[in-house]
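Chemist: Sharing a structure below in structure tokens format, with a few things to ask.
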Amino acid sequence: MDEILNKDAALSLKLVVPEGKRALRVVLEALSHSCDSWYWLIGLVVVWAASEGAPRQMAIFMAFGLALLAAIVLAVKFLVRRPRPEGEFGQVYRVTDPHSFPSGHAARAMAIAVMFATLGIPWLTILVIVWALFVGYSRVALALHYVSDVIVGWLIGLISGWIAMLLFPLFLRIVGQYFPTLL
């Protein structure tokens, strides 16, 4: 296992974008932050509060899926407890979440892509999948994660998005019974 972790760390280090490439790092930082959980939570609450019908249902669906994903990612992070790679960027992540495996941002981005796929708009699905791949890459390029953290994060995101699609109708029935005004 040590050999695999060492190879993972060596590959990840090769993908880190040096501080001197400031313009590229700014783009990667924006991509990385585009999947911060609090931005998505605020956005989903705004859509939920300001809409009715399909947009409101989509906001509820995505919030449900992202809550499910967060529980899975946090459980794995606290079971594995792999420290993050050395680096300067992302001090807020390093302080609030010192565990690297799996990448929550990569998982969240892929889960969002899976949930967007339910809209049935092929070009949007492709666009969001490409965004999810770049979010994952940005996490390695900024030395916040190792390659394996991102790959496993993407897999967890795929599975969590799929589970959210399966469980959401049940969730709607239960919430609809007890809190119909939320829907």
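The values are calculated or read from the model by the stated rules, or taken from the named source; none is laboratory data. Given the structure is predicted, the values throughout are model-derived calculations rather than measurements. Cβ: placed from backbone, ideal geometry, glycine included. Neighbour counts: every protein chain shown.
Chemist: From the list I72, I4, exactly one residue is of a type outside the set (K, R), outside any loop (DSSP other than H, G, I, E, B) and exposed (fewer than 13 other Cβ atoms within 10 Å of the Cβ). Which is it?
Modeler: I4
Chemist: Give me the pairs: first residue in the range 146-169 and in contact (Cβ under 8 Å) with a residue 12 or more places away in the chain, second residue among the aromatic types (F, W, Y) and assigned to a helix (DSSP H, G or I), beta-carbon distance under 8 Å, and six or more apart or on different chains, which are they?
Modeler: V150/Y137; A164/F61; A164/F64; L167/F64; F168/F61; F168/F64
Chemist: Any residue in the range 45-71 that's under 13 Å from M165 (Cα atoms) and modelled with pLDDT under 95: show its pairings with residues that are among the basic types (K, R) and surrounded by 18 or more Cβ atoms within 10 Å (Cβ to Cβ) at Cβ separation under 6 Å, as long as the two are six or more apart or on different chains.
Modeler: none
Chemist: Can I ask one more? Search the range 162-183 for residues being touching a Phe, Trp or Tyr at 6+ places or on another chain (Cβ under 9 Å) and within 28 Å of V80 (Cα to Cα), and hand back the single one that is surrounded by the most Cβ atoms within 10 Å (Cβ to Cβ).
Modeler: Selected residue: A164.
Chemist: For the range 22-59, enumerate the residues that are in a loop (DSSP other than H, G, I, E, B), surrounded by 12 or more Cβ atoms within 10 Å (Cβ to Cβ) and out of contact with any His (no Cβ under 6 Å at 6 or more places or on another chain).
Modeler: Scanning the range 22-59 gives S34, D36, S51.
Chemist: Within the set of pairs 6+ apart or on separate chains, which have a first residue in the range 119-135 that is at negative phi and part of a helix (DSSP H, G or I), a second that is surrounded by fewer than 13 Cβ atoms within 10 Å (Cβ to Cβ) and of a type outside the set (S, T, N, Q), and C-beta atoms under 8 Å apart?
Modeler: Correct list of pairs: T125/L119.
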